[in-house]
1. Using the structure shown, decide if S13 is closer than 22 Å to M228 by Cβ and not in a loop (DSSP other than H, G, I, E, B).
2. Within region 2-26, take every residue that is farther than 16 Å from D65 by Cα and among the polar types (S, T, N, Q) and give me the one that is least open to solvent (accessible area, probe 1.4 Å).
3. Quick test for you: out of D154, D139, pick the one residue that is among the acidic types (D, E) and either surrounded by 20 or more Cβ atoms within 10 Å (Cβ to Cβ) or in contact with a Phe, Trp or Tyr (Cβ under 7 Å, 6 or more places away or on another chain) (or both).
4. Just checking, how many residues over region 52-87 are touching a residue at least 60 places away in the same chain (Cβ under 8 Å) and either more than 23 Å from R226 (Cβ to Cβ) or assigned to a helix (DSSP H, G or I) (or both)?
5. Could you check Q100 against (1) in contact with a strand residue (DSSP E or B) (Cβ under 6 Å, 6 or more places away or on another chain); (2) crowded, with 21+ Cβ neighbours inside 10 Å; (3) modelled with pLDDT under 95; (4) of a type outside the set (A, V, I, L, M) and say which number it fails?
6. Of the residues A130, A110, A191, which is of a type outside the set (F, W, Y), in a loop (DSSP other than H, G, I, E, B), under 18 Å from the mean Cα position of the chain (by Cα) and within 22 Å of G30 (Cβ to Cβ)?
7. Here is a list: D37, D42, D46, D29. Which entry is more than 25 Å from L194 (Cα to Cα), open to solvent by 20 Å² or more (accessible area, probe 1.4 Å) and part of a helix (DSSP H, G or I)?
8. Given (1) open to solvent by 30 Å² or more (accessible area, probe 1.4 Å); (2) in contact with a His (Cβ under 9 Å, 6 or more places away or on another chain), where does I192 come up short, assuming only one miss?
Amino acid sequence: LTEGMGSPLYDQSGFLSWHSREHRVVRYDGRGFGLSDRDVTDFSLDARLRDLETVVDALGLTRFDLYAFSAGGPTGIAYAARHPERVSRLVLAATYAGLQTDPERQRMLADLVRFAGTRWETPMGRASFAEFLAPEANDVQRRILMHFLGVAADGPQILGFFRDTGAIDTSEEAGRIDVPTLVAASDSDSAIPLAHSRRLASLIRNARFEIIDGASHIGASGQDPRVMRLISD
């Protein structure tokens, strides 16, 4: 495998090596992405939960810490709410409970996904998505991100994943979470506005809310050293 974790460019921030110093780290490709089956059409919350449940059961994990970021946040929220006996700690980084409270962002994301997803095989399509995720990236960083976006998924998966993402709302599940929870966010995140993470933290009982000043979306998702230290703590 020369892509993904097989590439020296994949984990330039050292996220995986940092967290695997003292922990067993399990990372899986979500449905339709990476080495998971590409020919899928169901990207609903229940389908995403079944995938996580299957990974946990296959590894024989009884109790573990769960880290979810960006568009994966709602899956982590729902899992922690539905399986409290399995989750010892929860980290939610650069994410949200649902986009229903922000119809303008829903429309913007839908327009972007329609444009990028139908042109995914072209540099223009992937560049528009890279700009959304990392407008602060320099030319080299943008090209690397565009490359990984291209090998991670095909246009139909991008369209299906974000179509169903817009319909997911885990606000109720967030209110049922009763495990130590860290919500990390940035005041400079171009993809997930700070208000979404602030609202998420307010929904979870006794959640710790940390703002990482000036971090990008990718940085706030876990690549920024400040976030890595917060997660370790």
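The values are calculated or read from the model by the stated rules, or taken from the named source; none is laboratory data. Note that this is a predicted model, so its numbers are computed, not measured. All Cβ positions, even for glycine, are placed from backbone atoms using ideal geometry, and neighbour counts span all protein chains on display. Calculation scope for accessible area: heavy atoms of the full protein, side chains included, ligands and nucleic acids excluded. Shrake-Rupley method; radii C 1.70, N 1.55, O 1.52, S 1.80 Å.
1. Details: closer than 22 Å to M228 by Cβ: yes; not in a loop (DSSP other than H, G, I, E, B): no.
Answer is no for this residue.
2. Only one residue tops the list, namely S7.
3. Working: D139 fails: either surrounded by 20 or more Cβ atoms within 10 Å (Cβ to Cβ) or in contact with a Phe, Trp or Tyr (Cβ under 7 Å, 6 or more places away or on another chain) (or both).
Unique residue meeting the criteria: D154.
4. Keep residues of region 52-87 that are touching a residue at least 60 places away in the same chain (Cβ under 8 Å), which gives 67, 69-71, 73-74, 77-78, 80-82, 84, 87.
From the residues that got through so far, the ones that are either more than 23 Å from R226 (Cβ to Cβ) or assigned to a helix (DSSP H, G or I) (or both) too are 70-71, 73-74, 77-78, 80-82, 84, 87.
Result for region 52-87: 11.
5. Of the numbered conditions (1) in contact with a strand residue (DSSP E or B) (Cβ under 6 Å, 6 or more places away or on another chain); (2) crowded, with 21+ Cβ neighbours inside 10 Å; (3) modelled with pLDDT under 95; (4) of a type outside the set (A, V, I, L, M), the odd one out for Q100 is (2).
6. Details: A130 fails: in a loop (DSSP other than H, G, I, E, B); A110 fails: in a loop (DSSP other than H, G, I, E, B).
From the options A130, A110, A191, the qualifying one is A191.
7. Details: D37 fails: part of a helix (DSSP H, G or I); D42 fails: part of a helix (DSSP H, G or I); D29 fails: part of a helix (DSSP H, G or I).
After applying the criteria, what remains is D46.
8. Failed condition: (1).
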